[in-house]
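The values are calculated or read from the model by the stated rules, or taken from the named source; none is laboratory data. None of the values given here were measured: they were computed from a predicted structure. Backbone-built Cβ (ideal geometry, glycine too); neighbour counts: all protein chains shown. The accessibility values were calculated without ligands, DNA or RNA, using every heavy atom of the protein model including side chains. Shrake-Rupley method; radii C 1.70, N 1.55, O 1.52, S 1.80 Å.
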Amino acid sequence: QVQLVESGGGSVQAGGSLRLSCAVLSYTYSNSCMGWFRQAPGKGREGVAAIYTDGGSTYYADSVKGRFTISRDNGKNTVYLQMKGLKPEATAMYSCATAYWRSYYCSTQWRIPSYFGYWGQGTQVTVSS
């Protein structure tokens with residue numbers, strides 16, 4: 001099965017930056033939709049950003065546009081989420097996910113958790129005020 005491993009989380013002051021990484025193990029992720037989600041305690045899972053690995057098209061939640069950047073290194077089978085201008089409300093567990101079998105729906109389905117077939121374990125991001 002596909003294994004995804006997130007890293008890069010931690011604690012940061014408001015206004016600071018973090019870069020999250022998601023390494024896809026076992027399989028090459030070519031032609032995949034890769035998404036980042038976050039979930040705070042008592043809240044639902046929220047789609048933050050997504051990227052189509054081959055074409056490079058990106059998608060962002062309105063709440064993070066202009067401050068977060070999703071990118072990928074296809075040679076490393078890794079997707080990144082560069083987070084700048086972090087706000088306390090960004091505090092959450094961040095998880096990456098991949099949709100491989102139906103990647104062609106990335107542009108319309110990236111916000112929907114059930115669209116993604118494989119998930120990483122998550123990495124905690126805590127933003128203090």
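Database remark: amide H of residue 72 closer than 5 angstrom to the amide H of 80 (H placed geometrically; neighbours at sequence offset of 5 or more, or on other chains; Pro and chain starts carry no H).
In deg cm²/dmol and to the nearest 500, what is the mean residue ellipticity at 222 nm of the chain if only DSSP H runs of at least 4 residues count, each as -39500 (n - 2.57), divided by the residue total?
On the way: 1 runs with 4 residues, N = 129.
Computed ellipticity for the chain at 222 nm equals -500 deg cm²/dmol.
Accessible surface of residue 70, taken over heavy atoms with a 1.4 Å probe and every protein chain present, rounds to 10 Å². Place a point 7 Å from the Cα of residue 40 along the Cα-to-Cβ direction; which residues of the range 79-96 have their backbone N under 14 Å from it? The answer is 86-94. The residues of the range 1-101 expose on average 47 square angstrom of accessible surface per residue, using a 1.4 Å probe on protein heavy atoms. Given a 1.4 Å probe and the protein chains as shown, residue 62 ends up with an accessible area of around 120 Å².
Taking 5, 125 and ordering them by how much accessible surface each has at a 1.4 Å probe, largest first, produces 5, 125. Stretching residue 76 away from residue 62 to a fully extended chain increases their span by 2.2 nm, per 0.36 nm per residue minus the current alpha-carbon distance. Please report the carbon-and-sulfur percent of the accessible area for the range 64-129; probe 1.4 Å, protein heavy atoms only, DNA, RNA and ligands left out. Of all accessible area on the range 64-129, carbon and sulfur atoms account for 51 percent. Per-residue accessible area (protein heavy atoms, 1.4 Å probe) orders 110, 119 as 119, 110, starting from the largest. Ranking 89, 6 by solvent-accessible area of protein heavy atoms (1.4 Å probe, all protein chains present), from largest to smallest, gives 89, 6.
Pairs of Cα atoms under 8 Å, at least six residues apart: use those to get the relative contact order of the chain, whole percent.
Result for the chain is 36 percent.
Can you tell me the FRET efficiency between residue 128 and residue 28 if r is taken as the Cβ-Cβ distance and R0 is 25 Å, rounded to the nearest 0.05? Efficiency, from the Cβ-Cβ distance: 0.05.
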